[in-house]
Amino acid sequence: MSFLARLDSTVSRYLAEVAGPRERLALLRWQIAERHALDRRETMPGHATTSAFVLSPDHAQVLLIDHVVIGRWLQPGGHYEPAAHFHDSALREAVEETGVASPILHPWHRDGDLPFTIDSHEVPGNPRRSEPPHIHHDLQYLFVADPALPLIAQEEEVHAAAWKPVSALADIAPLAFARLRTVSAAG
């Protein structure tokens, strides 16, 4: 199945099974219908990214990065890179950026590729890459890892990686934070 067909199927399933009434993802659905190359970072007005909410087993902490370009704490993630599943791309970003050891896909996903949230948001341009401001259609997944294990921040993109109280997501990712309240720490 092509990237665009997988993305279309994933977005349709997300809208049917997970999304709230105000989540319409109009721009993303339009770009899919227009057959935009959403797996390429130069595609405008937006393209696909993946990110990971890595939680402690008790859901009290979340792993965040201090992003070099954006200049604020965020969940680990980045531009989509080819992978068997979208959550594999998110996992790769989390491990590359933080060095987190042995994260596992959260049981909420039931071993599937259904995103926990899809967040289409504007990002600032990157003058080093001659990129204007644009949209990231971010497929976001939950993972669980041990916060007692050491982290190693990827210094090219990340000033630091640290475990923070999960309440930090209220400002960073309000939709995911609100949805997390319905997810049991027990799985």
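The values are calculated or read from the model by the stated rules, or taken from the named source; none is laboratory data. Predicted model, so just to flag it, every value in this text is computed and none were measured. Glycine gets a Cβ as well: all are built from the backbone with ideal geometry, and neighbour counts include every protein chain shown. Remember, those area values only see protein heavy atoms, side chains included, never the ligands or the DNA or RNA. Shrake-Rupley method; radii C 1.70, N 1.55, O 1.52, S 1.80 Å.
Okay, here's what the table says:
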quantity: Filtered residue count, segment 19-53, keeping only those that are open to solvent by 30 Å² or more (accessible area, probe 1.4 Å), aliphatic (A, V, I, L, M) and not in a helix (DSSP H, G or I); calculated: 2
quantity: Breaking point among (1) free of Cβ contacts under 8 Å to residues at least 40 places away in the same chain; (2) more than 30 Å from Ala16 (Cβ to Cβ); (3) in contact with a Lys or Arg (Cβ under 8 Å, 6 or more places away or on another chain), for Glu155; calculated: (3)
quantity: Any strands (runs of 3 or more DSSP E) falling wholly within segment 65-145 and containing at least 3 residues that are more than 14 Å from Phe53 (Cα to Cα) and at pLDDT 95 or above; calculated: 134-144
quantity: Residue selected from segment 1-59 under the condition free of Cβ contacts under 8 Å to residues at least 40 places away in the same chain and of a type in the set (S, T, N, Q), by the criterion nearest to Ala84 (Cα to Cα); calculated: Ser2
quantity: Single unsatisfied condition, Gly71 versus (1) free of Cβ contacts under 8 Å to residues at least 12 places away in the same chain; (2) open to solvent by 60 Å² or more (accessible area, probe 1.4 Å); calculated: (2)
quantity: Selected residue (only one of Asp88, Asp66 is surrounded by fewer than 17 Cβ atoms within 10 Å (Cβ to Cβ) and touching a Lys or Arg at 6+ places or on another chain (Cβ under 8 Å)); calculated: Asp66
